[in-house]
Amino acid sequence: MSCYFCDGSRIESIHDFPHHGFPNKTIGTMTLMRSYDGEPMVKVELDTDVTLDIRVDGSFRGCEDVSVTATGFIEGVNFCPFCGRSLKENE
């Protein structure tokens, strides 16, 4: 049986949880990678928008919307998070 994540592109979209009737949207990606020693790991990138409240010397105040991407790595991944197949080459 073929798995889109571990046999295919190795990139999967991450969707938010639908909340109060709003549709879930893509908020980032999960990528299956190999670390420097060949061990499997997953890279997670989450995209979000943040509103900054800017104040300068009490005389200027404003807001600015900023798009932010947070990146993290999960090491020691032994099995595909989607199909459960072993990702270790010797297992």
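The values are calculated or read from the model by the stated rules, or taken from the named source; none is laboratory data. Fair warning: this is a prediction, and the values are worked out from it, not measured in the lab. No Cβ is skipped: glycine too gets one built from the backbone with ideal geometry, and neighbour counts run over all protein chains shown.
Some notes on this structure:
- All positions within the range 41-72 that are touching a Phe, Trp or Tyr at 6+ places or on another chain (Cβ under 9 Å) and surrounded by 13 or more Cβ atoms within 10 Å (Cβ to Cβ): Met41, Val42, Lys43, Val44
- Candidate set from the range 6-20 (those that are over 17 Å from Met41 (Cβ atoms) and among the acidic types (Asp, Glu)); member that is farthest from the chain's Cα centre (by Cα): Asp7
- Failed item, numbered, when Phe73 is tested on (1) assigned to a strand (DSSP E or B); (2) at pLDDT below 85; (3) among the aromatic types (Phe, Trp, Tyr): (2)
- Matching residues, the range 2-29, being over 13 Å from Cys80 (Cα atoms), not in a strand (DSSP E or B) and not polar (S, T, N, Q): Asp16, Phe17, Pro18, His20, Gly21, Pro23, Lys25
- The residues of the range 1-28 that are polar (S, T, N, Q) and more than 17 Å from Asp49 (Cβ to Cβ), listed by number, are Ser2, Ser9, Ser13.
- Selection over the range 76-86 of residues that are assigned to a loop (DSSP other than H, G, I, E, B) and either surrounded by 12 or more Cβ atoms within 10 Å (Cβ to Cβ) or in contact with a Leu (Cβ under 9 Å, 6 or more places away or on another chain) (or both) gives a count of 7.
- Of all residues making up the range 19-34, the number that are surrounded by 13 or more Cβ atoms within 10 Å (Cβ to Cβ) and either over 22 Å from Cys6 (Cβ atoms) or modelled with pLDDT under 90 (or both): 1
- Total residues in the range 54-83, condition more than 25 Å from Thr26 (Cα to Cα), touching a residue at least 24 places away in the same chain (Cβ under 8 Å) and among the small types (Gly, Ala, Ser): 1
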